[in-house]
1. Looking at Thr54, Thr94, which is the one that is out of contact with any helix residue (DSSP H, G or I) (no Cβ under 6 Å at 6 or more places or on another chain) and within 14 Å of Pro161 (Cβ to Cβ)?
2. Return yes when Phe90 is under 19 Å from Asn188 (Cα atoms), assigned by TED's automatic domain parsing to the domain that holds Val190 and surrounded by fewer than 22 Cβ atoms within 10 Å (Cβ to Cβ) and no when it is not.
3. Taking Ser123 and the conditions (1) crowded, with 16+ Cβ neighbours inside 10 Å; (2) touching a Pro at 6+ places or on another chain (Cβ under 7 Å), which numbered condition does it fall short on, given that it satisfies the others?
Amino acid sequence: MRKTLVVRPVQEETSCLGSSVWIQFIFALMVALLFTAGQANALWTYVVAANGTTCDPLGLTAGAAGIATPIDELGTSVGFDLADEGITAFATQTADIACLSNFSQTGTQVLLSITNSTSRTFSDLWYVADPETSISNIDGEINFNSAFKIDGTVTINQNNPLISESFASDEYFTPGETWTFIIDGYSNAVSALPSELASIGVGFDSAEPTLTIPLSSGSIVALVPEPSAALLMGLGLAGLTMTGRRRSPDRKGKGSLG
C-alpha cells in the first residue's frame, strides 16, 4: 500500500501568534497612556529656584537660576485638590540633626511626617519655608524663600533630612506612603505649627492680616514622573514581550501517515 505524507500548514498558527503579540503590545500601550493621563490631573505650579551656600545644592533646576520650573504643590487644606495634591502632616520634636555644617541652637528641631493622600506617585520632594518661617538646613531658595530637598539616602550629602519612607526606600512618594524628615532650627513668627502646610502658593505669606488665608508654615513641592517616561516604559514592556515571542523555539509542522 502506498503511504502518503501529509504536511499540515502552520500559517494559521503563526497568524494567531502574531495577533497575540499585537494584542499584548496594544494593551501595554493603553496602560502607559492611562498612567500618563493619571499623572497629568493636577495643575503645575511654576517656581523660581536657586542654589544656596549652606548645605547641599537644591537640585531643582538643571539650568541657571531665575528660570521658572514646573512642579506640584502639595498641601493639607481643603483649598488644594485633595484627590491630586492632598497630604496629611504630623510634627513632633527630635534631637536629630539634618545638616551639621549649618546647625544652630536657635529654633526647634522638628520631625515632620507627611502622608500621600492621593492616587499619584511623586518624586524629588522639597520643603519650602513661608516668609515668616525660619529654618537652618537650607539648600537654596524657591520663590525667594528658604528651601531644602527632602533627601537622606545619599550619605555623601551634608543635608540628610529624610529619616524614613514607610514603603520602599526608593525616594518615590507613593499613594498612602508616609515620609518622615527633619527640619533644623524651626521657628515661626505667627506661631504656625510645622504641620500646617495649608497656604496655596509656594512661599505665600500667611502672616498677612486677612482671615481668608489659612495659617501655614511652609509648602511641600514635588516633581511627578514625566508622562513620556511612562509611555516609554509601556513600549519597552511590549517590546520585551515581542522579543520573547521571537526567541521561542520554531514549531515544526506535524505529519500524519494515511
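The values are calculated or read from the model by the stated rules, or taken from the named source; none is laboratory data. Here the structure is a predicted model, which means the values were calculated and not measured. Positions of Cβ are generated from backbone atoms using ideal geometry, with glycine treated the same way; all protein chains shown enter the neighbour counts.
1. Answer to the selection: Thr94.
2. So Phe90 fits the description; yes.
3. (1)
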